[in-house]
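Here is the structure we will look at, set down as structure tokens.
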Amino acid sequence: MRKAKHRAVRAGRPWFLGAIRQTAVMARWLLLCLATALCGAADIGWDVIDNPQAIRIRDATLRTRWERLFEAPPIWSARQVAYLGRRAGDQAFTLLASRLVYRGEPWGRGRSVNARQWQPMNREVKLAVLREMRCSGEAVYAPLLAGLLQTEADPKVATDLLISLWMLRPVGIEELAQRLADPRLVAPTRLPAADHPTVRSTALDLLLGLRGADDQMLQGPLDWACTRASGGERIHALNSIPDGARPELVTMAVLRLADELRLAGDARPADPTALEAWVLALDRLNLEKLPEQRSGPAVMAALLAAAIDGSRGLAVSAAAALASTPGWAPGADGEKLARRAADPGCDPMIRHAVLGLLTRTAPQTVPTAAPPGDAWARLAAHRERLAKWEWERFIR
């Protein structure tokens, strides 16, 4: 560059023209290299992935590590897969894809292992292969993973397939997640892995992250998870809904859980997580806008019934929710609440929750439920005097 500059100056020409010319030549060379690399991009050998024993590997070390992935038990499968992914070059695409789709028996000394013993070993290798595919970030794997997800029934492998597809971001990932999140779909739309709650919860998380809770695509999966599912799947769905989103589904979940817990009574419900889901659903309720909803009166009636004759967990949480509802009053049912609190055999936790509810919403009924010297009676009398003072001040 310096010699070309001196020659240009001696010749009386602008010296920077040579630099511009050299820069243009270098740019064309780089573009040519990039085009050559793209044209020669590696792909999966689709004609040989169904027969891994027919794949020819020239390097002896690579071949040994490749064969170890088919042994039972596999020896350091994660390390072997990582070695193949980094040392096999362009052939790694075919090797990893072939091991992922393999459904046969183990090789060599592992042939004496039965199918029940081979299944978790084979799953371990598949999860290692999927982890390597995710780390590579190669979009060439996307069609293969999407095809396997439509036939895979193993919940762990299906979950990893879905996560890998999400990281590769192919077109149509939302449709696959929807087919996994709602088990009420009919085949062939419904996928085999939709039978497992963990897979459905993962698919629901993916849809919520990509589309949002208010998207129409989430209507079916959220309706299933909140109002039809049970156990950890229902709790996970209620916990995943943002505050204020899908109020109709939350109210439906509250009504169903109220019926389920009231039928169980003091006995343990069929779903041991029902009470936890009930508390979480009440926390998701928008109590200020609840009277405006179509199912608002039914929810308030269910909460009142739970506070009047529900079990400890049901009654305490219902009383707390009613006490936090702006402008709500028990009306004629205040006497039923007072009778429950005045019952000598009433659970102490229920008694305090009901008296707290009455003190905030109907303080005139507290004296019939609490002794004269009780703290709740004194607090209710104070609230009555305060309300009277505010009213007299207002009319003056």
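The numbers here are math on the coordinates, done by the rules we state, and not lab data. Quick caveat, the model's predicted, so the values are computed rather than measured. Note: ideal-geometry Cβ built from the backbone for every residue, glycine included; neighbour counts use all protein chains shown.
Just need the Rg to Rh number for the stretch 67-126, please, alpha carbons only, Kirkwood Rh. It would help to have the intermediate numbers written out before the result.
Working: Rg = 11.4 Å, Rh = 11.8 Å.
My calculation of the ratio gives 0.97.
The magnitude of the dipole of the chain, with charges of +1 and -1 set on the Cβ of Lys/Arg and Asp/Glu and taken from the Cα centre, is near 2600 debye. Listed by chain and number, the aspartates and glutamates whose alpha-carbon sits under 12 Å from that of Lys336, ignoring those within fewer than 8 places in the same chain, are Asp309. Backbone phi angles across the stretch 294-300, fed through the Karplus curve with coefficients 6.51, -1.76 and 1.60 (θ = phi - 60°), yield HN-Hα couplings of 5, 8, x, x, 5, 5, 5 Hz in residue order; Gly and Pro are listed as x.
Normalising the Debye intensity of the stretch 262-352 to I(0), with uniform scatterers on Cα atoms only, and taking log10 at q = 0.19 Å⁻¹ returns -0.93.
Subtracting the Cα-Cα distance of Val171 and Asn239 from 0.36 nm times their residue separation leaves 21.7 nm of extension gain. When the helices of the chain are scored as -39500 (n - 2.57) per DSSP H run of n ≥ 4 and the total is divided over every residue, the value at 222 nm lands at -20000 deg cm²/dmol.
Packing-based ranking of 379-391, 195-207 yields 195-207, 379-391, ordered from highest to lowest mean Cβ neighbour count within 10 Å. Summing charges over all other residues whose Cβ lies under 13 Å from the Cβ of Ala97, with Lys and Arg as +1 and Asp and Glu as -1, gives -4.
Note that the chain, at 25 °C in a medium of 0.890 mPa s, gets a Stokes-Einstein diffusion coefficient of 91 µm²/s from its Kirkwood radius over C-alpha pairs.
Say the dipole of the stretch 250-396 comes from +1 at the beta carbon of Lys and Arg and -1 at that of Asp and Glu; which of Leu275, Val299, Ala370 then lies farthest toward its positive end? Working it through, the farthest residue towards the positive pole turns out to be Ala370. Using the Cβ-Cβ distance between Asp90 and Ala60 with R0 set to 22 Å, the FRET efficiency from 1/(1 + (r/R0)^6) comes to roughly 0.75. For the chain, the relative contact order comes to 7 percent (Cα pairs under 8 Å, sequence separation of at least 6). For the chain, find the longest principal axis of its Cα atoms and tell me its angle to the long axis of helix 274-284, 0 to 90°, nearest 10. Result, in degrees: 90. Return the whole-Å distance between the Cα centroid of the stretch 153-172 and the Cα centroid of the stretch 211-258. Centre-to-centre distance over Cα atoms comes out at 23 Å. Relative to the longest principal axis of the Cα atoms of the chain, the long axis of helix 375-395 lies at roughly 90 degrees. Between the alpha-carbon centres of the stretch 44-107 and the stretch 329-396 there is a gap of 74 Å. Here the extension length gained between Leu386 and Thr189 equals 64.6 nm, from 0.36 nm per residue of separation less the Cα-Cα distance. Relative to the dominant Cα principal axis of the chain, helix 348-361 is inclined by about 80°.
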